[in-house]
Structures are given as C-alpha cells and as structure tokens.
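Single-structure report; data block below.
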2 protein chains.
Amino acid sequence: MAVYTEVSDEDLAAFAALYDIGQVQSFKGIAEGVENSNFLLETEKDRYILTLYERRTKPEDLPFFLGLMEHLADKGIACPTPIHARDGQSLKNLCGKPAAMVSFLKGISARSIKPWHCQALGQALASLHLAGSDFKTQRPNALSVSGWRPLFEASRHGADELAPGLEALIALELDRLESEWPQDLPRGVIHADLFPDNVFFLGDALSGLIDFYFACTDFLAYDIAICVNAWCFEKDLSFNATKARLLLGAYEKVRRLDDAEVAMLPLLCRGAAMRFLLTRLYDWLHTPAGAFVTRKDPREYLKKLRFHQEVKRAEAYGLNAR
Amino acid sequence: MAVYTEVSDEDLAAFAALYDIGQVQSFKGIAEGVENSNFLLETEKDRYILTLYERRTKPEDLPFFLGLMEHLADKGIACPTPIHARDGQSLKNLCGKPAAMVSFLKGISARSIKPWHCQALGQALASLHLAGSDFKTQRPNALSVSGWRPLFEASRHGADELAPGLEALIALELDRLESEWPQDLPRGVIHADLFPDNVFFLGDALSGLIDFYFACTDFLAYDIAICVNAWCFEKDLSFNATKARLLLGAYEKVRRLDDAEVAMLPLLCRGAAMRFLLTRLYDWLHTPAGAFVTRKDPREYLKKLRFHQEVKRAEAYGLNAR
C-alpha cells in the first residue's frame with residue numbers, strides 16, 4: 001500500500017492540463033506498489049494510473065522504464081502504456097517529484113496461485129522476452145550476482161539472530177554462486193520482479209503485467225528463475241512441480257531454452273532465491289519496527305534456497321532433458 | 001489511507017457471486033476513509049466501492065448507516081447507494097467482517113477550499129437535512145455534549161503537555177457547554193463528519209457526499225456548526241467570513257433556520273470545535289508513535305474554539321440578524 005504524497009487540487013488540475021485527457025472525474029490513491037505513490041485517475045476520456053516516483057526510484061532510470069513499457073506495449077504485450085503529454089513527453093513532474101501517467105489495465109492479481117496461472121505466466125514471460133529483444137537501451141541489473149555481496153556485508157551482522165547458521169550458509173553459497181555464475185547465456189530485457197502482485201488475470205486469462213521498475217538487462221533465464229521462486233512454492237513452502245512444469249512448458253512453446261540455459265537453471269534458481277533472501281534480510285534489519293511498510297520474512301527465501309540447493313538437474317523443474 | 005484486510009481470490013469471487021453484478025474485472029484497495037478497508041471493485045456492469053467494516057465500526061450501527069444512505073439516495077441526494085445482494089440484503093460478510101457494497105460516485109474532494117465550495121456545501125447540507133427528515137430510525141449522537149466529559153477524563157492528563165493551560169480551558173468550557181447546550185432545536189439526521197474529504201466535486205458542482213459512518217440523530221444546526229469549523233478556516237487558522245456567509249446563505253435558501261438555531265449557532269460552533277479538539281486529543285495521546293495512522297494535531301481545534309469563544313452573535317458567521 002502506498003500513497004506518500006498528497007496532491008493538491010491545483011497541482012492535479014495543472015498536471016492533467018498537460019495532457020489531452022479531458023476533465024478529471026475521479027482521483028483516488030491506490031494500494032499498489034510499495035516504492036511509489038499510485039493514483040487511479042479517471043477523466044472524461046479514460047482511466048489512467050498516475051505514479052509519483054518516490055525516493056527509492058532513481059530519476060535517471062525512468063526513461064528506461066517508460067521507454068521499455070512503451071516498446072513492449074507497441075509489440076502487443078499487455079502492459080501499462082505511458083501516456084504522452086501534449087509536448088510529447090511521458091515523464092513529467094508533480095509535487096516536485098518525477099511523475100508519469102500510464103494506461104489502466106483491467107484484471108486482478110491472483111492471491112492464491114493455481115497451476116493454470118503458472119501456465120499463463122510462462123507464455124507471457126516468454127512473449128515479454130521476445131518483445132524486448134530489439135529494445136535498444138540497456139540497464140545493468142544491480143541486483144544480480146555482483147550486487148549480492150555488498151547486500152550481505154550490510155546485513156550479515158543480523159543474519160544468525162534471524163536464523164542460526166544463516167550467515168555461514170549465505171557466505172558459502174555466495175562463494176559458489178560467484179564462481180559458477182554463467183557469463184554467456186542469452187540476454188535481454190527482463191522484468192526481474194514478476195511476482196503474483198504484478199500479474200493481472202481477467203476470467204481465465206492473463207490480462208496484464210505491471211510494475212516494470214526493476215526491469216533491466218540480464219539473462220532471460222534468470223527471469224524464469226525468479227518466477228519459479230515466486231510462483232511455484234505453496235504457502236507451506238513445499239515445491240509444486242506441476243506449476244513449474246506448466247510455467248516452463250508454456251514458456252518453451254514461445255521461446256525454446258538452449259542447452260546452456262537448461263543446464264544452468266538450478267543455479268539460476270539458487271541465485272534468484274539468494275537475491276530475495278538478501279534484499280529481505282537487508283530490509284528486515286534496516287526497517288524500523290512499526291514502520292509504514294510491512295517487512296517480509298527473509299526465511300521464506302532461505303527455505304526456497306535450500307530446496308534449489310538439492311536440485312541437480314533441470315528435470316526437477318519439469319523441463320525435458322536435452 | 002486504509003486497507004487493513006487482505007481479500008483472497010476465492011473470498012472475492014464468492015462475495016461477488018452473491019450479487020447480480022457480473023464478473024469482477026478489477027479490484028484495488030483505495031486510500032479512502034481511516035476506519036475501514038475500502039476497495040474499488042469493477043465488474044462487467046459497473047464500478048462499486050466495497051467496504052469491510054473494521055473494529056471501530058459497530059456492526060449493530062450498520063443497518064442505520066446503510067438504511068440511511070439508501071433513504072437519502074432514493075430522495076435524490078448524491079450519496080453512495082447500498083447494492084442489494086440477490087437475497088435482498090445489503091449487509092454481508094467478507095473475510096469474517098461485515099461488508100457492504102455501494103455505488104461508485106464520480107468526483108474528487110477539494111484539497112484547497114474555495115468560497116464556491118462552501119456555497120455548494122451549504123445547499124447540499126440543507127438538502128441532506130430535508131431528505132433525512134422522514135427517515136424513521138434514530139441513532140443517538142455519542143459524540144455530542146454528553147460524550148465530551150468522558151473523552152476529557154480519558155485524556156486530560158496529557159492536555160497541558162500539548163498546550164499549557166489546555167486542561168483548565170477545556171474544563172471551564174465543558175462546564176459552560178453542558179449548562180448552556182440547547183434542549184429543543186430542530187432535530188433530524190445529521191452527517192456529523194462532513195469534512196472536505198467526504199465531499200466530492202466534479203467540475204464546478206458538488207457531485208457527492210460520502211462516509212456516513214458518523215451519521216446520527218441530533219440538532220440539524222450542529223451539523224452546520226461542524227461544517228463551519230471544517231470548511232471556513234484557512235490553513236493559517238484565520239476565519240474566512242466570506243466562506244461562512246456563502247455556506248449559511250446557501251443553506252438557508254433550501255432550509256431556513258429558525259430564531260433559536262440562529263441564536264445558538266455560536267455555542268454550537270464552540271461545541272463542534274470541542275468535539276474535534278477532544279477526539280483528536282484522545283487519539284493523540286492513545287495512538288502509539290509510529291502507528292499506521294497519522295495523528296491530527298488537536299491544537300488546530302483549540303484555535304478554532306478560541307475564535308468561537310469570542311463570537312457573540314451569529315452575524316459573525318455572516319447570518320442576517322432576525
């Protein structure tokens with residue numbers, strides 16, 4: 001839930017007048033996203049999502065995010081499309097903060113994941129990867145393998161208090177991930193945060209992908225590994241192999257994985273689990289108690305990491321042997 | 001901002017199926033109201049506001065609130081209309097909490113109040129009072145004069161820390177309010193919380209009144225006094241007599257005040273200032289630091305109370321002498 005900035009009538013009216021969208025008819029802060037302030041803005045013409053970018057989103061990254069969404073939408077991906085102001089720009093200012101308006105997408109995010117959700121996700125993820133293949137701008141992934149050790153150093157002091165032995169486990173795993181992380185898998189635009197919150201369904205179909213504010217350039221298969229972690233474990237943290245098989249099978253119908261990607265998938269899944277374990281551990285230790293944002297338990301990703309550590313081959317995820 | 005309850009897919013689908021509203025197409029928590037969880041629910045047919053009533057709303061009061069909204073909407077007041085489920089009921093359960101769905105109203109609340117807003121408000125308030133005049137159910141106002149002393153007793157210990165001399169000032173004022181409070185002014189349904197947050201405007205007209213969860217049976221003129229406090233002071237807490245004159249003048253074009261109401265208006269304004277001073281003082285002292293809800297500064301209403309204490313006659317509010 002997130003509305004950090006109050007927008008005055010005058011500021012809203014002046015902002016809306018920058019666009020060819022007609023008179024504002026409704027304006028409501030919505031509980032979507034945790035990093036930025038989001039509003040549902042309705043005008044005579046249509047509905048839009050207005051986002052004010054708060055402190056944690058770097059302004060210099062916004063042209064990448066907005067350009068990517070526009071590129072993907074042009075290619076037919078169901079994602080928010082930035083709306084251009086009358087001067088042609090899609091990045092504006094509101095209340096002294098960077099702000100952009102995007103198209104409204106129908107659909108609701110799945111709160112309890114069914115196997116068919118994973119199947120629809122696999123197809124959408126592969127389509128996203130194909131659609132992004134000719135997007136020219138690059139954005140390095142600061143939260144890939146090179147970013148993990150600094151996160152660990154900033155939070156290792158509190159690790160064992162959360163789970164005995166966690167500090168040593170992470171240290172050992174990091175060594176291994178750093179030495180075995182691949183150099184040369186197929187790269188491109190990845191969403192990098194395609195959790196259930198960020199995927200909309202309408203009836204029995206996927207209707208939209210949202211929140212591209214972690215998108216970056218990285219191994220495409222790493223995006224799959226993030227989704228396996230985010231979608232294929234049950235609430236009790238048992239691994240649902242059917243969901244993984246459907247996710248990967250649907251992905252491969254659109255974009256076939258090469259042998260190296262298949263071979264590396266278990267390691268990529270370990271890496272993805274490590275990434276969320278570390279960011280959650282960092283946030284756990286650095287978010288004051290009673291703060292506005294609910295802290296997520298890092299141990300969820302410790303358990304997922306342990307699962308992937310036991311996986312020897314991608315067949316465990318339901319991929320066919322090559 | 002308020003979304004206290006997570007609603008699962010299954011619960012939402014089962015809830016929506018109780019109504020003849022078609023398939024759910026969008027479901028977003030919204031930052032509206034502070035006491036309850038509110039969602040904007042969109043279906044094939046229409047948009048609705050779904051409210052889950054949290055701890056501070058008494059379930060036994062809900063039939064009054066929902067019945068009142070329906071009564072007022074039937075009379076043409078632009079307010080949320082409760083939607084009936086297939087079984088005819090408008091009060092249901094969701095996630096173990098009382099829940100109701102009402103019609104969606106277009107419009108945005110004014111964040112900076114202009115004189116014309118007060119004029120439109122005056123007319124709408126009088127229309128509300130007339131429309132409520134034949135509503136049969138009664139609900140006593142627990143936050144009128146009889147409720148103030150208990151609030152004071154529960155928070156007097158912290159009063160002087162907030163503002164030196166506040167405890168004595170309230171004690172003296174309470175004595176006077178209790179002894180001079182009228183017995184016999186025209187009564188009926190009042191909104192009792194018609195702050196700018198709860199009034200929508202669309203273009204240059206008032207488009208809706210929302211949040212009837214403090215509505216009750218009390219002196220109609222006390223509702224006016226609440227609005228004078230909430231709408232007619234500037235951000236620097238200076239009193240804007242033009243706004244008051246427009247509010248009261250527009251009110252009287254729809255419902256003329258009788259002599260007793262006019263004579264009592266200064267005292268009712270003191271009472272209304274006392275009511276919000278006391279509830280804010282109580283919340284100030286009883287809300288833990290760092291809690292989810294932003295505490296509102298009680299001193300705003302101390303300053304308003306002091307203004308009204310200097311007022312001798314209703315002419316100060318722009319009312320014509322009788």
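Values in this text are rule-based calculations from the coordinates and carry no lab data. What you are looking at is a predicted structure, and each value in this text was computed from that prediction instead of being measured. Cβ coordinates were reconstructed from backbone atoms using ideal geometry, including for glycine residues, and neighbour counts include every protein chain displayed.
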Quiz item: Reachable aspartates and glutamates from B:LYS312, Cα under 17 Å, same-chain residues fewer than 8 places away excluded?
Solution: B:GLU173, B:GLU180, B:ASP259, B:GLU261
Self-check item: Ascending list, in nanometres, of distances separating the A:ASP87 label from those of the other copies (7 Å, Cα toward Cβ)
Solution: 5.8
Quiz item: Taking a 26 Å limit on the Cα-Cα distance, which of the listed pairs B:LYS92/B:LYS136; A:LYS92/B:LYS235; B:LYS58/B:LYS235; B:LYS75/B:LYS253; A:LYS243/A:LYS304 fall beyond it?
Solution: A:LYS92/B:LYS235; B:LYS58/B:LYS235
Quiz item: Of A:ALA215, A:ALA142, A:ALA230, which has the largest mean-square fluctuation in a 10 Å C-alpha GNM of chain A?
Solution: A:ALA142
Exercise. Might you report the magnitude of the Cβ-based charge dipole of the protein assembly as shown about its Cα centre, with Lys and Arg at +1 and Asp and Glu at -1, to the nearest 20 debye?
Key: 160
Quiz item: In nm, to one decimal, how far is the A:ARG256 label point from the A:VAL311 one, both placed 7 Å along Cα→Cβ?
Solution: 2.2
Quiz item: Shielding of B:96-109 by partners, i.e. mean partner chain Cβ atoms within 10 Å per residue?
Solution: 2
Quiz item: Hey, how many Å between the Cα centroid of segment B:150-189 and the Cα centroid of segment A:1-46?
Solution: 40
Practice problem: Give the relative contact order (percent, whole number) for chain A; include only Cα pairs under 8 Å separated by 6+ residues. | Solution: 17
Self-check item: Per-copy distances of the B:ASP184 label point, shortest first, in nm (7 angstrom along Cα→Cβ)
Solution: 9.9
Quiz item: Can you give the average number of partner chain beta-carbon atoms within 10 Å of each beta-carbon in peptide A:20-27, as a whole number?
Solution: 4
Exercise. Mind checking B:199-209 for the average number of partner chain beta-carbons within 10 Å of each residue's beta-carbon?
Key: 1
Self-check item: For A:ILE113, net neighbour charge (Lys/Arg +1, Asp/Glu -1) across residues whose Cβ lies under 15 Å away
Solution: -2
Self-check item: Share, in percent, of DSSP beta bridges within segment B:109-317 that are antiparallel, nearest 5
Solution: 90
Exercise. Determine the percent antiparallel among the DSSP beta bridges restricted to the protein assembly as shown, to the nearest 5.
Key: 95
Quiz item: D for the protein assembly as shown, whole µm²/s, Stokes-Einstein with Kirkwood Rh over alpha-carbon pairs at 4 °C and 1.567 mPa s: what number?
Solution: 47
Quiz item: If we hang a label 7 Å off Cα along the beta carbon direction at B:ARG256, how far is it from the matching labels on the other copies, in nm, shortest first?
Solution: 8.9
Quiz item: Viscosity 1.567 mPa s, temperature 4 °C: Stokes-Einstein D of chain B from its Kirkwood Cα radius, in µm² per second?
Solution: 63
Quiz item: Scanning chain A for helices, which whole DSSP H stretches are 30 Å or more long along the axis (Cα) and average 0.5 or more by Kyte-Doolittle?
Solution: A:259-286
Self-check item: Computed [θ] at 222 nm, helices only, for chain A once each DSSP H run of length n ≥ 4 contributes -39500 (n - 2.57)
Solution: -13000 deg cm²/dmol
Quiz item: In terms of Cα to Cα distance under 18 Å, which lysines are near enough to B:LYS45, apart from those fewer than 8 places away along the same chain?
Solution: A:LYS106, B:LYS28, B:LYS106
Quiz item: Based on the Cα coordinates of segment B:1-146, what is the per residue volume of their convex hull in Å³?
Solution: 146
Quiz item: In what sequence do A:GLU42, A:GLU300, B:GLU234 fall when counting other Cβ within 10 Å, fewest first?
Solution: B:GLU234, A:GLU300, A:GLU42
Self-check item: Phi to ³J(HN,Hα) by Karplus 6.51 cos²θ - 1.76 cosθ + 1.60 over segment B:97-112, Hz, x for Gly, Pro
Solution: 10, x, 8, 8, 10, 10, 5, 7, 10, 6, x, 10, 7, 6, 8, 10
